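Report on the structure given below.
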Amino acid sequence: MKALPWIVFGIAALAQWAVPVAGIMQYEQVLAQGSLVKIKCGAPDPYDPLRGRYLAVRPEQHQAGVPQFMKLGRGMRVYGTITTGADGLASITSLSLTPPAGGDYIRLKSDYVYDGKASILWPFDRFYINEKLAPEADKWFAENLRSANGITAEVRVLRGRAVLADLSLDGTPFRDILRQRVK
Amino acid sequence: MNNSHQRWLLEQLPQWEHDGLITSDAAQALRKRHAVDGSQSALAQIVIGSLGALLIGTGLIAVIGYNWDDFSRPVRLLFAFLPLLLTQGLSFRVLQRGATATPWVRETAALLQALATGACIALVSQIYNLGGAWPDFLFWWFILSLPLAWVLRSHAVTLFYLIAIALWSVNQVGHGNPWYDSPLLYPLLLLGLLPYWPGWQGTASLSISVRWTMTLSAILGLCSAAVFVTDIQGDYSYYQYDTYLWLWTLTAAVCVLFPLNQAGLDEATGRKPQVVLGSLWLLGYGVAATFHPVSRDILKGTSNALPLPWCQGLFLVLALFALLAAWRQRWAVLAIASVALLPLIAFLLMQGKDDPNSSLLSSLVTLHLAVVGITLIVLEFTRRRGAPRLGAALLSVLIIARMTDSHFSLLAKGSAFIAVGAAFLAFNFFMSRRPQAPTPV
């Protein structure tokens, strides 16, 4: 039985690596192979005590129509089919309880369901930024929130999983804009 | 007897020997019997070690939080895994040293590794801009930290785990959550600390802080599960409060009857938080149930709860614990725990009918609590494990409750209150003069 602590410790140490590494592999796969969709959003500048400064990314679309015979309750997992419009911006056009057979889709959570429409909870809600850039990011956000094109979230999507890759304004990456402004 | 009590005793022995209170042989026998365990370093050392680990871990998280934008993703990932690797190496060394490693070094290594694990997960989620769902983050953090409580016998990690599983369970009381992502997992999570439990071979007695944390964590976790199972989904989702209140009461009965070994039974009641907190709830619930309107809500909750699998599971555990308690002759706690079953008895007697005018339950509870109060006093006078002051307090509260409920004049009520108060003080005075009973509850 003297080996038991060592076995437990070994398994624990491996698991402590395996869990984040498994996550990293999934996210890397999504970033490398996923389709790029652009979603219009807003983003103020709050703070997470564990992970630092971030922009709270809030896609403008927060509701989607529930098909007539679909029984959707609060907190249920649901799949949203993504359709890209003529302006290049994507939106959720239909919901289903199982993954759609084709096309791009995102795994979401439903919130309130009322009057044939479900509030949707997106799988991403924050974009982490450097502490030095955060105040400038806040100003940039305030200036551009209501611009014609608005801020877009660039999201990579693969088999329902979504990873927020970048924020951009008129096609220019958010970090590049900020670095120009800070100079 | 813990180390500080033993130290006090050893300090007194020379004086007692000098005063002729004990012989030198008796003093020697006491020294042998209550030798201070040298392997356990002072609490201060452990606290300082844990604080140091906590500061380093928090600092690490803050450094990570800065978000090193100038580095590439692989380099930033290296930042996440390097502290984890270092702390794993430290724990490895501590394990190698085995029993020779001092407790504070063990605590520090375990806490540092737990914090490095959390920091690693946090940084990965920062790099990939993952959502802010802290319960998911917390879940993986405490699951991955749990083995450190087993192998390094770390109290700090145990406390972290107990607090984290309680917080997670409370948060998971969400409408529509699937069972595998809900507080229903709490019993399994608590079982994760099984090798740490009292009675488990090769483990020392749990410290009072771990006991209280464990009890509070269990109460929060199990009560969250009780709320979760009463979720009614519809256009307006809600939880049935009268149903989960009775499930909470069954949970309190389970806590009170939690099996103890002989050493546990011999300890003072204050060192058994599950008995203290469980009894307080049960007696409070009992007194509330003596009021007719409350008893009606309780009966409604009982009929709602009976078909729930969670309720049936609680019954099974309760029956098992009650049998064990009867075998150990824990009559006082059995008497208190029986309060939880009164709504069921009333429900069966009424044959499941909801009669708004029936005062069966309130009368039954009043009678039962009076019997429990008298039993707790009588047990003490028959040299068994009783709780005379609790019994007297219960009788007093019961009389006051019935008086407030009655239609007597204010003068009559006031006189009754004075009489009860005086009787209670007299009883307390009498008990303080009486020699202590050999064993507590």
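The values are calculated or read from the model by the stated rules, or taken from the named source; none is laboratory data. This structure is a prediction, so every number in the text was calculated from the model and none was measured. Ideal geometry is used to build each Cβ from the backbone, glycine not excepted, and the neighbour counts take in all protein chains shown.
If you take the residues in segment B:128-168 that are of a type in the set (V, I, T) and crowded, with 21+ Cβ neighbours inside 10 Å, which one is farthest from the other protein chains (Cβ to nearest Cβ)?
Among them, the one singled out is B:I165.
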Residue in segment A:79-116 that is farthest from A:V163 (Cα to Cα), counting only those that are within 14 Å of chain B (Cβ to nearest Cβ) and within 18 Å of the chain's Cα centre (by Cα) | A:D111
Within segment B:362-369, is there a residue that is within 30 Å of B:Q262 (Cα to Cα) and of a type outside the set (K, R)?
-> yes
Odd one out for B:A119 among (1) at pLDDT 80 or above; (2) farther than 23 Å from B:W168 by Cα = (2)
Restricting attention to segment B:11-58, and to residues there that are modelled with pLDDT under 80, over 26 Å from B:L159 (Cα atoms) and of a type outside the set (D, E, K, R), which single residue is surrounded by the most Cβ atoms within 10 Å (Cβ to Cβ)?
-> B:H34
Filter segment A:148-173 down to residues that are free of Cβ contacts under 8 Å to residues at least 60 places away in the same chain and hydrophobic (A, V, I, L, M, F, W, C) and give me whichever is nearest to the other protein chains (Cβ to nearest Cβ).
-> A:L169
By my count, strands (runs of 3 or more DSSP E) wholly in segment A:69-171 with at least 1 residues that are in contact with a helix residue (DSSP H, G or I) (Cβ under 7 Å, 6 or more places away or on another chain), charged (D, E, K, R) and within 13 Å of A:C41 (Cα to Cα) are A:161-169
Confirm whether B:L138 is assigned to a helix (DSSP H, G or I), more than 25 Å from B:A62 (Cβ to Cβ) and not small (G, A, S).
-> no
All but one of (1) among the small types (G, A, S); (2) more than 14 Å from chain B (Cβ to nearest Cβ); (3) in contact (Cβ under 8 Å) with a residue 24 or more places away in the chain hold for A:S119, so report the exception by its number.
-> (2)
Considering every residue within segment A:2-17, establish whether at least one is more than 8 Å from chain B (Cβ to nearest Cβ) and modelled with pLDDT of 90 or more.
-> yes
How many residues of segment B:174-188 are touching a residue at least 60 places away in the same chain (Cβ under 8 Å) and more than 10 Å from chain A (Cβ to nearest Cβ)? The answer is 1
Those residues of segment B:111-124 which are free of Cβ contacts under 8 Å to residues at least 40 places away in the same chain and either more than 7 Å from chain A (Cβ to nearest Cβ) or not in a helix (DSSP H, G or I) (or both), in sequence order | B:Q113
Only one residue in B:A109, B:A114 is buried (at least 23 other Cβ atoms within 10 Å of the Cβ) and within 21 Å of B:N171 (Cβ to Cβ). Which one?
-> B:A114
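Quick check: anything in segment A:133-141 closer than 26 Å to B:N171 by Cα, within 13 Å of chain B (Cβ to nearest Cβ) and of a type outside the set (D, E, K, R)?
So far as segment A:133-141 goes, no, none of its residues is closer than 26 Å to B:N171 by Cα, within 13 Å of chain B (Cβ to nearest Cβ) and of a type outside the set (D, E, K, R).
Taking the condition of being part of a helix (DSSP H, G or I), of a type outside the set (F, W, Y) and at pLDDT 75 or above, how many residues in segment B:59-94 meet it?
Here the count works out to 20.
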